[in-house]
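The values are calculated or read from the model by the stated rules, or taken from the named source; none is laboratory data. Values in this document were obtained by computation on a predicted structure and should not be read as measured data. When we count neighbours, we look across all protein chains shown, and the Cβ atoms used for this are built from the backbone with ideal geometry, even at glycine. All accessible areas refer to the heavy atoms of the entire protein, side chains included, with ligands and DNA or RNA removed. Shrake-Rupley method; radii C 1.70, N 1.55, O 1.52, S 1.80 Å.
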Amino acid sequence: MNDPRSTTPHLEKYYSKRAAEYEQVYEKPERQRELEWLRRRIPEILRGRRVLEVACGTGYWTQYIAPAAHHIYAGDINEAVLE
């Protein structure tokens, strides 16, 4: 069995290269209705809570959670994505 830690550098490099593409998924017209619902619903669910957002990527969802949450810690292994 392969050591899962050996794949980490490859995954980091892959996601780093694709960082600029991440936000494009939120611009697709066919996804707007569902995204609008999620942008309302997710903050409702997390209102007043302490939130740990693992693999937050670009922080797209963090921007909607943060105003509603009591506290949020969002992190990602890849600095290029966070930028």
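Charged neighbours of E36, selected by a Cβ distance under 14 Å, balance to +2 (K, R count +1; D, E count -1). Computed from the alpha carbon atoms alone, the convex hull of the chain holds 128 Å³ per residue.
Accessible area per residue for region 25-83 is 73 Å², calculated with a 1.4 Å probe on protein heavy atoms, without ligands, DNA or RNA. Across region 31-45, coupling constants 3J(HN,Hα) worked out from phi with the 6.51/-1.76/1.60 Karplus curve, θ = phi - 60°, read 9, 5, 5, 5, 5, 4, 4, 5, 5, 8, 6, 4, x, 4, 5 Hz, and Gly and Pro carry x. Sorting R50, R40 by accessible area puts them as R50, R40; the probe is 1.4 Å, largest comes first, and only protein heavy atoms count.
Apolar share of the accessible surface for the chain: 53 percent from carbon plus sulfur atoms, 1.4 Å probe.
Which value at 222 nm does the chain reach when only helices count, each DSSP H run of 4 or more adding -39,500 (n - 2.57), with the total divided by all residues and rounded to the nearest 500 deg cm²/dmol?
Details: 4 runs with 34 residues, N = 83.
When only DSSP H runs of four or more count, the value is -11500 deg cm²/dmol.
Put a dot 7 Å past the Cα of R49, heading toward its Cβ, do the same for E34, and the two dots end up 2.1 nm apart. Of the residues Y15, Y60, Y26, the one that moves most in a GNM of the chain with alpha-carbon contacts below 10 Å is Y26.
When only the Cβ of Lys, Arg, Asp and Glu is charged (+1, +1, -1, -1), the dipole of the chain relative to its Cα centre reaches about 320 debye.
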